[in-house]
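The values are calculated or read from the model by the stated rules, or taken from the named source; none is laboratory data. Remember, it's a predicted structure, so these values are computed and weren't measured experimentally. With ideal geometry, Cβ positions are generated from the backbone for all residues, glycine too; neighbour counts draw on all protein chains shown. Note: areas computed on protein heavy atoms with side chains; ligands, DNA, RNA excluded. Shrake-Rupley method; radii C 1.70, N 1.55, O 1.52, S 1.80 Å.
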Amino acid sequence: MKTTERSAGLLIAGITSVEGPIIRVEDTGIVAYDEFVEIIDSKNQTRVGRVLEVGENFAVIEVFSGTSGLTTAGTSVRFSGRSLQVPVSREMLGRIFNGMGKPIDHGPLPLAHNFADINGQPINPTARIYPRDYIQTGISTIDAMNTLVMGQKVPIFSGSGIPHDLLANQIVRQARIGSQAGTNEERDENFAIVFAGMGIKHDVAESFRNAFTESGALNRVAMFLNLADDPVVERLVTPKIALTLAEYLAFKCDLHVLVVMTDITNYCEALRQISNKRGEVPSRKGYPGYMYSDLANLYERTGRIKGSEGSITQIPILTMPNDDITHPIPDITGYITEGQIVLSRTLTAQDIYPPVSVLPSLSRLMKDGIGEGKTRADHPALASQLYAAYAHVQDVRSLASVIGEEELSSIDQKYFEFGRAFEKQFVNQSFSENRSIEETLTIAWRILSILPKTELTRIKESDIEKYYGTA
Amino acid sequence: MTDAAAVITWINGPVIRARGSSKIAMGDMVGVSDQNLIGEVIGLHDDEMTIQVFEETSGLTPGMPVYSTGLPLSVELAPGLIGSIFDGIQRPLPVIERKTGSFIGRGFGLTPLDRRTRWSFTPLLIKGNKVSEGIAIGSVPETGVITHKIMIPHGISGTLTWVAPANDYTIDEVIARVETEHGEEPITMLRRCPVRKARSFKNRKEKNEPLLTGQRVLDTFFPLVKGGSAIIPGGFGTGKTITQHQVAKWSDADVVVYIGCGERGNEMTEVLQEFPKLIDPRSKRPLMERTILIANTSNMQVAARDASVYTGITIAEYYRDMGYHVALMADSTSRWAEAMREISGRLEEMPAQEGYPAYLSSRLAEFYERAGLVETFNGDTGSVSIIGAVSPPGGDFSEPVTQQTRQYTRVFWGLDKNLASARHFPSVNWLNSYSEYLDNVTEWWQAETQMPWRELRAKAMQILTEEGHLDQIVKLVGPDALPDDQRVTLETARLLREAFLQQNALDEIDTYATPQKQMKMLELILHFQARAEAVVSRGAIINTIQELPILNSLIRMKNTIPNEQLERLDEIRNALDEQFDQLELLYR
């Protein structure tokens, strides 16, 4: 070992190799794993990076803003002696930042007295509060059948050409703390929105910004934008910075924070690119074996903790490559998150909005957020019955396509009719339609009443008496 | 801690290398840096060792010291385990919360078990008794349902020279002394036991008692035995975790060890908050009084996932050795396999299938073989049953972890995506699941329920299989084209699915069914089939049967008739007979 001193703060001239976004530096002295690094190129421009691997007197660094223009001799690096920390403050709401957290709205640097490590730390399960308060989104398919609760992480699984951005917009605009059906409590809501865009197109970023502006929410939103033509490695940092701010807002400022992250697929592509450049053993489809842990480190930064009034609810958006739900990105995500909202191309083609495909969709935390005292006593069984009935509709439809609709048994014809009403009246609603939980449940009963009472085997008889055919 | 044994030379995520000692053995637990992060030696090459670190390695630098503990990776065993929640390396999470707040910090030498609590010890043996490994010398009431036996540790045998009188002691106070060949050994209640090696016992016994879960599809159709092992594979959203929770709640094991391996934080919190409130139907005590939780959530350090599985199984074996039936749930073993893959990748080992290391299979084998029904050294009978969830990528059961696990387990509870999306839970697919323990438990069921379990089960399975075939035809031509006797089969199959197999975990009555209730329900449905077939053969058309009001009672019997009022099932049977009698009158 040549040097035994920590090289923190020292400028080390010259790097050994550059390969994609990865550089290797030798004769470094002592460098810490995961240390934050500044890279100064020959034109005296500074970029930042992170130590991925250290040995005796060498370090491997990923450079967030790309390596083009770096020369081996003309580049120097400065190790910071600490991991990447970002400023966090309430003032950051209402502002727009780039993927590295620098303001791009021509405003001043936000004042911050607090700095936080972007990697965060795992929440102790004993310190969590189990999420039980539902969020009313005003969207029937979500509120009735995939109810969100505060502190949950639910991704939207979509595909290109499907209006997931519109749906995310609508959720953000309409989300409020849910109350019991029929009551009309207006609560003081401390909602804040943290938006992380990873590799998104300029017009997508613009449409979100416009939507926030139009709804008057912009002063409650912090946007972090890594655009499609921004450096790829930066995408790996953007959501971490956004979540670091979200944690501060939720657990220190007691706000209910809704985090929208789009597009996770781009994030995973960046992960694959780095892994590939480092020559790591790939697992499925070339994605690194640690993608599960890596994504978990994002998604698990959600929830509620004791001693704080706030919460973090995550709505990551991902476009399934080739609409394939078994692709590693949606697959791994589904294993980590607490459910998923799946959008359907078939419904989109029929111009049904929001095109939520209910059968593969799921909210794992719904069971504790609905029912008596929360939404309405009949809600859980009603939701289960809707699922069962709509699942049967699929069988009936495939049968009808063989033998013809007229040949269906009378019961199946009812199911056929139910299926149509379900999609046209229940799923379908306009972008600006904000249905109360009571309206949603009423529509559900109206369409279920198409079926004979004897088919509603999952609902209590007393509830059938109470609600059947009344809407 | 002694002087530094080695210094760090290389760091790559959870894997580090260090150089400088030939005294540290393979598998030894080490303290990394002055923060004493816990690590385990997983490779040796000359004087350079490879270490996996169970805590976050951010901020470590080459040149930092590595300390030897001289022990292999171990767990602490003593009263106080039950009702606790630990992380993967047995650090008590509530204590961590008190120390570092809501987020998990690192690097503090926490003892897993509290040293100050005093436990009420009662001696079982006296001075002069001969003792050896596993012999109980005293007992401690640990919770309302568990009496903790204090056993002679591994490697000690001789004559008791002193046993403490009945009183309250802490776990590291001496409570006995044994005169051995090598001198007198003090005995405390606390044991340290290596986790990677199975604990020993006298011999294995034949398994023929079912591990009841109260879940009809599992108990009646695909039974697990005490000491057996089962696998629950299923894609995301098919209900693996709910099934695991149901078994943890209602199984008739004495002790439950629940390992949340690389899963969601909120799920562990749910268990933590729910179990103390739930009452065990047998002991009438809170479920937490028999439960040990090990939580390694998906965002905790990956190497600790590997450790969590071994920590759990070693604790399970310890209670087995006291003569308890222990059920161990691991959710999900795929995350453990992935942790192996990640570490293996960082070591640049040659990958086998899908990037998993070639030793995946042997690790799984070693783990599942630690299940078993045994006679302990103390002469008791105890068991460890393993129920491992597997999360196959894309729900595809042909992937390596599912296939390899299948090799070493004898019960397969395959979860089905289509059933799950119709919200048919538990979504166990009855056509591809199996149990190899049918012969083992046949006698038990007969004796317990006084009903021909095996025959009823076979009949029901036959109907469901036939439905599978008929469904293909129905899909092509519609049900109306089938003859009425086949439609009776379809109708019975529907009853089996909706009234029997489907079980609502959230319904107070339906969540748990006794073997008696299961058998009576099944018999009733098959009785329906017999009567329906008879009346159809006389010329009745299927619609008249479908319109019988009894069908509604049959479908609702699971959540209207509690386990304590099974005589009400006889009333349904009478009503059923009455309605069919009347129908038969029309077709005489």
Scanning the range A:275-305 for residues that are assigned to a loop (DSSP other than H, G, I, E, B) and either more than 7 Å from chain B (Cβ to nearest Cβ) or of a type in the set (Ser, Thr, Tyr) (or both), the one surrounded by the most Cβ atoms within 10 Å (Cβ to Cβ) turns out to be A:THR302
The condition from (1) facing another protein chain (nearest Cβ under 10 Å); (2) open to solvent by 40 Å² or more (accessible area, probe 1.4 Å) that B:LEU60 misses is numbered (2)
Picking from A:PRO328, A:PRO380, the residue that is facing another protein chain (nearest Cβ under 9 Å) and either among the basic types (Lys, Arg) or open to solvent by 30 Å² or more (accessible area, probe 1.4 Å) (or both) would be A:PRO380
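A quick yes/no check of all residues on (1) outside the structural domain of B:ALA339 (by TED's automatic domain parsing); (2) buried (at least 20 other Cβ atoms within 10 Å of the Cβ); (3) under 23 Å from the mean Cα position of the chain (by Cα):
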site: B:GLN35; (1), (2), (3): yes, no, no
site: B:ASP46; (1), (2), (3): yes, no, no
site: B:GLU55; (1), (2), (3): yes, yes, no
site: B:GLY70; (1), (2), (3): yes, no, no
site: B:SER84; (1), (2), (3): yes, yes, yes
Worksheet item: In this structure, does A:VAL54 turn out to be in a strand (DSSP E or B), more than 13 Å from chain B (Cβ to nearest Cβ) and either charged (D, E, K, R) or farther than 24 Å from A:GLY197 by Cβ (or both)?
Response: no
Within the range B:322-334, restricting to residues that are open to solvent by less than 10 Å² (accessible area, probe 1.4 Å) and more than 10 Å from every other protein chain (Cβ to nearest Cβ), the one that is farthest from B:GLN246 (Cα to Cα) is B:MET322
- Task: Could you tell me whether B:ARG406 is in contact with a helix residue (DSSP H, G or I) (Cβ under 8 Å, 6 or more places away or on another chain), closer than 30 Å to A:PRO360 by Cα and among the charged types (D, E, K, R)?
- Result: no
Of all strands (runs of 3 or more DSSP E) fully inside the range A:110-185, the set with 1 or more residues that are under 15 Å from the mean Cα position of the chain (by Cα) and of a type in the set (Phe, Trp, Tyr) is A:156-158
A:GLU214: passes all of (1) in contact with a Leu (Cβ under 8 Å, 6 or more places away or on another chain); (2) open to solvent by 10 Å² or more (accessible area, probe 1.4 Å) but (1)
Scanning the range B:332-365 for residues that are touching a residue at least 24 places away in the same chain (Cβ under 8 Å) and acidic (Asp, Glu) gives B:GLU338, B:GLU342, B:GLU354
- Message: If I filter the range A:425-438 for residues that are among the β-branched types (Val, Ile, Thr) and out of contact with any strand residue (DSSP E or B) (no Cβ under 8 Å at 6 or more places or on another chain), do I get at least one hit?
- Response: no
Residue count, the range A:54-81, condition among the charged types (D, E, K, R) and open to solvent by less than 30 Å² (accessible area, probe 1.4 Å), comes to 1
Note on B:GLY414: of the conditions (1) of a type outside the set (Asp, Glu); (2) over 29 Å from A:MET145 (Cα atoms); (3) surrounded by 17 or more Cβ atoms within 10 Å (Cβ to Cβ), unmet is (2)
Those residues of the range B:335-382 which are open to solvent by less than 20 Å² (accessible area, probe 1.4 Å), part of a loop (DSSP other than H, G, I, E, B) and out of contact with any Pro (no Cβ under 8 Å at 6 or more places or on another chain) amount to B:ARG370, B:ALA371, B:THR376
From the option list B:VAL271, B:VAL302, single residue qualifying as over 30 Å from B:GLY214 (Cα atoms), at pLDDT below 90, facing chain A (nearest Cβ under 10 Å) and buried (at least 24 other Cβ atoms within 10 Å of the Cβ) is B:VAL302
Within the range A:401-418, restricting to residues that are more than 9 Å from chain B (Cβ to nearest Cβ) and open to solvent by less than 40 Å² (accessible area, probe 1.4 Å), the one that is farthest from A:ALA444 (Cα to Cα) is A:GLY404
Among the residues of the range A:263-274, the number that are in a helix (DSSP H, G or I) and of a type in the set (Asp, Glu) is 1
Counting only helices (runs of 4 or more DSSP H) entirely within the range B:434-549, those with at least 1 residues that are in the same structural domain as B:GLU571 (by TED's automatic domain parsing), surrounded by 15 or more Cβ atoms within 10 Å (Cβ to Cβ) and basic (Lys, Arg) are B:453-477, B:484-495, B:515-537
Counted residues in the range A:260-274 being more than 14 Å from the chain's Cα centre (by Cα) and open to solvent by 20 Å² or more (accessible area, probe 1.4 Å) come to 3
### Task
Confirm whether B:GLY105 is part of a loop (DSSP other than H, G, I, E, B), within 13 Å of another protein chain (Cβ to nearest Cβ) and among the small types (Gly, Ala, Ser).
yes
Of the residues in the range B:554-585, those that are within 31 Å of the chain's Cα centre (by Cα), away from chain A (no Cβ under 14 Å) and among the polar types (S, T, N, Q) come to B:ASN563, B:GLN565
- Query: Is there a residue being outside any helix (DSSP H, G or I) and under 19 Å from A:ASP143 (Cβ atoms) anywhere in the range A:378-399?
  - Reply: yes
Given (1) free of Cβ contacts under 8 Å to residues at least 12 places away in the same chain; (2) within 21 Å of B:VAL15 (Cβ to Cβ), B:PRO94 misses just (2)
